[in-house]
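The values are calculated or read from the model by the stated rules, or taken from the named source; none is laboratory data. For clarity, every value in this text was computed on a predicted model and none was experimentally measured. FYI the Cβ positions are ideal-geometry reconstructions off the backbone, even for glycines, and counts take in every protein chain you see. Side chains included, ligands, DNA and RNA excluded: accessible areas come from the protein's heavy atoms. Shrake-Rupley method; radii C 1.70, N 1.55, O 1.52, S 1.80 Å.
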Amino acid sequence: MKKQLLILTLALFSIHLGYSQFTLDGELRPRTEYRNGFGSIIPDAAEPGFGISTRIRLNTGYKTDAYTLYMSLQDIMVWGENRQILPFDQNNSFAVFQAWAELNLGTGWSTKLGRQVLSYDDQRILGGLDWAQQGRNHDAAMLKYKKGKFIFDFAYAFNQSNQQPTGFQSVGNTYDVTGFFSYKTMQMAYLKQSWDKFSGSLLLMNNGFQNFDATTSDQDGISNLQTIGTHLGYKAGKFGAAANAFIQTGERQGEVKVKGAYLLGLDVTYKTSDKVTLGAGLEIISGNDADAGETGAFFPLYGTNHKFNGFMDYFYVGNHANSVGLFDVHASAKFKLGKTSSLLVKALNFSGEQELPSGEKALGTEIDLVFSKKFKGYGLSIGYSQLFASDGMYELKGVTKANAADSQNWAWAMLTIKPKFLNTAK
């Protein structure tokens, strides 16, 4: 009887698999870093940071004709953070990175609900921030439509504080999570049309930030910031081009009015041969030139900012939010060294879009090198960056040139393993 029941169960399971797909995969990504001026000028008396962090993820997906369910669990570990024989993780970094369901509504329409990555175009305004071990996600509901080469997405979010152990509060909706442009509400509309050689998209986003009374610390309304812009792409043969144009208006946190804030960027690439691709571009991000209580500074919000303005993260990566802006001119060359390896060489020159208090604008030059190689089942990347700081960079970062280390550099090596444990479609 047990044998017959087992056979029946396996038969039913096999029939069910005929109408569904189950995937199970993972990721292990250890990264070693030597930080001697990463993110900011390191003083001469300071010891460079050196350490190893590891990201581990377990991802599972389940897809049927009616819906798709996806979940990603992750933990971020720094080697040595736990003392010996400790029965728990001291850094409390285990998290649900993604957990969403997408329901098929028919005729190109669907809705995606839950914790998810919002990533569009070149990830300048909305991106997954995959370089950061923790990544970036949003808790949102999204309505999606796709027909041919046309895409329309509309997302809505309403965030609430977790008043443990009862969950969110039963009276009032004060949102006390602050920092890094954490929003209480968000509405986003994204439209994209692609053709054979050209594509264009439009992004409209409103973020509402909780304000607090300076005297009583009570809830004091919402500041709404609007970001509007377009990304254009063109590719024909060996030539490629991409452009960004965005503006911001409304209010930042604390009712700071935003006026005249903008981002303009243009990048071109040319493939000179099968083994060499050249690139050049510039980006202008407006800085703060406004009166007290106002700002003209643009901030790229939830993008993958590590991709832009130098890999040493001196700008817009947890910093530079209401400063002198940036004028970034860069050139690059990517060499294909073999079937599975490549070398990227990139030079970037930085200056402020606005003057520093001293009247200085020049900030410096950065050189980035990245070697990548794919092996069977895993990949290896090794990078080195060197900053040649101008006088303005010392002023911007608040470190005098006389007290700064002679060399500002950063080196890293990262191994990425992504095993595919199970895929019932195969």
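General observations
- From the alpha carbon centroid of the stretch 24-41 to that of the stretch 77-135 is 17 Å.
- A P(r) calculated from all alpha carbon pairs of the stretch 289-350, with 10 Å bins opening at zero, reads 18, 39, 26, 12, 4, 1 percent.
- Highest-first arrangement of 198-209, 49-60, where packing means the average Cβ count within 10 Å: 198-209, 49-60
- Cβ crowding within 10 Å averaged over residues, with 402-408, 127-133 ranked highest first: 127-133, 402-408
- Computed over Cα pairs, the Kirkwood radius of the stretch 118-267 leads via Stokes-Einstein (0.890 mPa s, 25 °C) to a diffusion coefficient of 140 µm² per second.
- Bridgeable lysines around Lys112 (alpha carbons under 22 Å apart, same-chain partners fewer than 8 residues away excluded): Lys63, Lys144, Lys146, Lys147, Lys149, Lys184, Lys192.
- The stretch 52-189, Cα convex hull volume normalised per residue, Å³: 168
- Partners for Lys271 among lysines (Cα-Cα distance below 23 Å; same-chain residues under 8 apart left out): Lys197, Lys235, Lys238, Lys307, Lys334, Lys336, Lys339, Lys346, Lys373, Lys374
- Cα-derived Rg over Rh, computed across the stretch 43-110 with Rh taken as Kirkwood radius: 1.26
- Residue-by-residue Karplus 3J(HN,Hα) for the stretch 317-322, coefficients 6.51, -1.76, 1.60, Hz, glycine and proline x: 10, x, 8, 6, 6, 9
- Among Asp328, Asp289, Asp89: highest mean-square fluctuation, GNM of the chain, C-alpha pairs under 10 Å: Asp89
- With K and R counted +1 and D and E -1, the other residues having a Cβ less than 10 Å from that of Arg29 yield a net charge of +2.
- Rg(Cα) / (2.2 N^0.38 Å) computed for the stretch 129-204, rounded to two decimals: 1.50
- Under 14 Å, Cβ to Cβ, from Trp195 - net charge with Lys/Arg +1 and Asp/Glu -1: +3
- In this structure, Leu343 and Gln21 have a Cβ-Cβ separation that, at R0 = 41 Å, corresponds to a calculated FRET efficiency of about 0.60.
- Shown in residue order for the stretch 96-113 are the 3J(HN,Hα) couplings computed by the Karplus curve 6.51 cos²θ - 1.76 cosθ + 1.60 at θ = phi - 60°: 8, 6, 9, 7, 9, 10, 10, 9, 7, 9, x, 6, x, 9, 8, 10, 10, 10 Hz (x for Gly and Pro).
- Summed side-chain charge close to Val268 - residues other than Val268 whose Cβ falls under 12 Å, Lys, Arg +1, Asp, Glu -1: +2
- Isotropic mean projected area of the C-alpha convex hull, the stretch 290-426 (nm²): 12.3
- Phi-based couplings in Hz for the stretch 164-171 (Karplus 6.51, -1.76, 1.60; Gly and Pro marked x): 4, x, 8, x, 6, 5, 8, 10
- Its DSSP H runs of at least 4 residues, each contributing -39,500 (n - 2.57), put the calculated 222 nm mean residue ellipticity of the chain at -1500 deg cm²/dmol, to the nearest 500.
- With R₀ set to 35 Å, the beta-carbon distance separating Val276 from Asn423 gives a calculated FRET efficiency near 0.45.
- Put the Cα centre of the stretch 233-290 next to the Cα centre of the stretch 184-209 and the gap is 15 Å.
- Equivalent-ellipsoid semi-axes of the stretch 101-171, from the Cα gyration tensor, Å, largest first: 27, 19, 9
- Share of pairwise Cα separations in the stretch 211-337, more than 21 Å, in percent: 50
- Semi-axes of the equivalent ellipsoid of the stretch 373-426 are 43, 12, 8 Å, computed as sqrt(5λ) over the eigenvalues of the C-alpha gyration tensor in descending order.
- Solvent-accessible area per residue, Å², over the stretch 140-224 with all protein chains present [probe radius 1.4 Å]: 58
- Size-normalised alpha-carbon gyration radius of the stretch 181-266, reference 2.2 N^0.38 Å: 1.46
- Relative contact order of the chain, pairs being alpha-carbon contacts under 8 Å that are 6 or more residues apart, as %: 14
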